[in-house]
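Structure first, commentary second.
Derivation of every value follows stated rules applied to the coordinates shown; laboratory data play no part. Everything quoted here is computed from the prediction, not taken from an experiment.
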């Protein structure tokens, strides 16, 4: 899954490594190491200008083109969690925290030192252990798309569930973006936008947008300006 840092897009590739896309020429910045089978999957910028990388072997520091796995028991714990539950996505929550989505274990919140801060799974009201995407809005709420609906963790840590009771239908919530200050979500039923009501106490609802039949040909949404 690709990520964007500033105006630059980064893409992991299974057999070659982690690529930086700029201009017409992609640049390989972290080669895949077949000896260790360590592949960079996501980069989190740190306040000192360096990067923490999520890899197939756990968390690592990026030093030039070299990945150095974080030492210690805490780092080993998150490494085991990623390998057991299969990485799917990641997102920066704040300067010191980021979220890692997995296919079997829900979402794990970690700090830059690799310490697990919290696990968000079915026991924490996540509608499914299988996480498809993560998105952090302007209020620092973490939106989690899953196979069975969406969950939102607000800045206080409270988790709310959104599903067909909020007019959000379709199996597999595949993608989520913000456009013109409004949240847009894609499921197998099409593209939905959150309904902005006048009463802040009313439950959130989603409108299915008019659109051509894209259900079988689209798997992701990206905001764009015209």
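For region 41-98, the relative contact order works out to 28 percent when only alpha carbon pairs closer than 8 Å and six or more residues apart are counted. Kirkwood-type hydrodynamic radius, the chain: 18.4 Å, calculated from all non-identical alpha-carbon pairs. The Cα atoms of region 26-106 define a convex hull whose projected area, averaged across directions, is 5.9 nm². Based on the alpha-carbon gyration tensor of region 118-197 and its eigenvalue square roots a ≥ b ≥ c, which shape applies: rounded if a/c is under 1.5, prolate if not and a/b is larger than b/c, or oblate? Oblate, since a/c reaches 1.5 and b/c is not below a/b. Return the tail of the calculated pair distribution for region 73-113, meaning the percent of Cα-Cα pairs more than 16 Å apart. Here the long-distance tail beyond 16 Å is 30 percent of all Cα pairs in region 73-113. Let me know the shape class of region 1-69, please: from the alpha-carbon gyration tensor, a ≥ b ≥ c as square roots of the eigenvalues, rounded when a/c is under 1.5, otherwise prolate if a/b is greater than b/c, or oblate. Oblate.
Against the chain, whose longest principal axis is taken from its Cα atoms, helix 73-85 shows a tilt of about 60°. For the chain, adding -39500 (n - 2.57) for each run of n ≥ 4 DSSP H residues and dividing by the number of residues yields -2000 deg cm²/dmol at 222 nm.
Across all directions, the shadow cast by the convex hull of region 1-135 built on its C-alpha atoms averages 8.3 square nanometres. Directionally averaged projected area (region 127-170, Cα convex hull): 3.1 nm². Gain on full extension, evaluated as 0.36 nm per residue between residue 141 and residue 161 minus their Cα-Cα distance, stands at 5.9 nm.
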